Amino acid sequence: MIKDKLKEIRERTGMNKKEFAEYIGTKYTTYNNYETGAREPDSDFFIMISKKFNVSTDFILGLQEEKEILHSYELKSSEYEHIKKYRTLDPTGKSHVDTVLDWEAARSADILQKDARITDLETELANVTPDPAALLNAAHERTDIPVTEEMKQADDDIMNDENF
């Protein structure tokens, strides 16, 4: 019965009837009439309760015991066709499909992570402003040989030469 389902949904929230009615934006007397069965809610009320508490309208109407809503309106028709085919498979077939789906989801996640890292690196590099002094001194930063003052002067002369 609708009244029992409404009571069940309300009790899961831990609210009394008055608090629940206020929470969903309905007058207390109206909601009380729905929960006691004195009055039947309209379809807009069912839809609002369904969305707000993530339960199917079929659950509220007592047509099914499964509480969760499936949001089938978010599926593309091709995705729905895949689901219909999947439901016809035996347990072995479902296991194979699940395995391939897990592999492909992991592979796609890896690609997205790599793309995100590349994007982050590109952003980081785009925000780097080179230090001119560091660029001028870059030739002096050798560690494989001792750098003498004469070598530094020769490097500076090359860097400052307009013909280079």
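Each row is one residue, and each column tells you yes or no for (1) in a loop (DSSP other than H, G, I, E, B); (2) under 33 Å from the mean Cα position of the chain (by Cα).
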site	(1), (2)
4	no, no
7	no, yes
10	no, yes
18	no, no
33	no, no
38	yes, no
45	no, yes
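How many residues are in a helix (DSSP H, G or I) and surrounded by 10 or more Cβ atoms within 10 Å (Cβ to Cβ) if we restrict to the range 77-99?
Qualifying residue count for the region: 14.
Which of the residues that make up the range 47-62 are in a helix (DSSP H, G or I) and either among the polar types (S, T, N, Q) or without any contact (Cβ under 8 Å) to a residue 24 or more places away in the chain (or both)?
47, 50, 51, 57, 58
Which one of these is in contact with a Lys or Arg (Cβ under 6 Å, 6 or more places away or on another chain), of a type in the set (Phe, Trp, Tyr) and open to solvent by less than 60 Å² (accessible area, probe 1.4 Å): 20, 45?
Working: 45 fails: in contact with a Lys or Arg (Cβ under 6 Å, 6 or more places away or on another chain).
Just one listed residue meets the conditions, 20.
Any residue in the range 28-46 that's under 14 Å from residue 16 (Cα atoms): show its pairings with residues that are open to solvent by 80 Å² or more (accessible area, probe 1.4 Å) and part of a helix (DSSP H, G or I) at Cβ separation under 7 Å, as long as the two are six or more apart or on different chains.
28/18; 35/7
Here's a check for you: in the range 82-131, which residue that is under 27 Å from the mean Cα position of the chain (by Cα) and of a type in the set (Gly, Ala, Ser) is modelled with the highest pLDDT?
95
The values are calculated or read from the model by the stated rules, or taken from the named source; none is laboratory data. These numbers come from a predicted model, not from an experiment. All Cβ positions, even for glycine, are placed from backbone atoms using ideal geometry, and neighbour counts span all protein chains on display. With ligands, DNA and RNA removed, areas are computed over all heavy atoms of the protein, side chains included. Shrake-Rupley method; radii C 1.70, N 1.55, O 1.52, S 1.80 Å.
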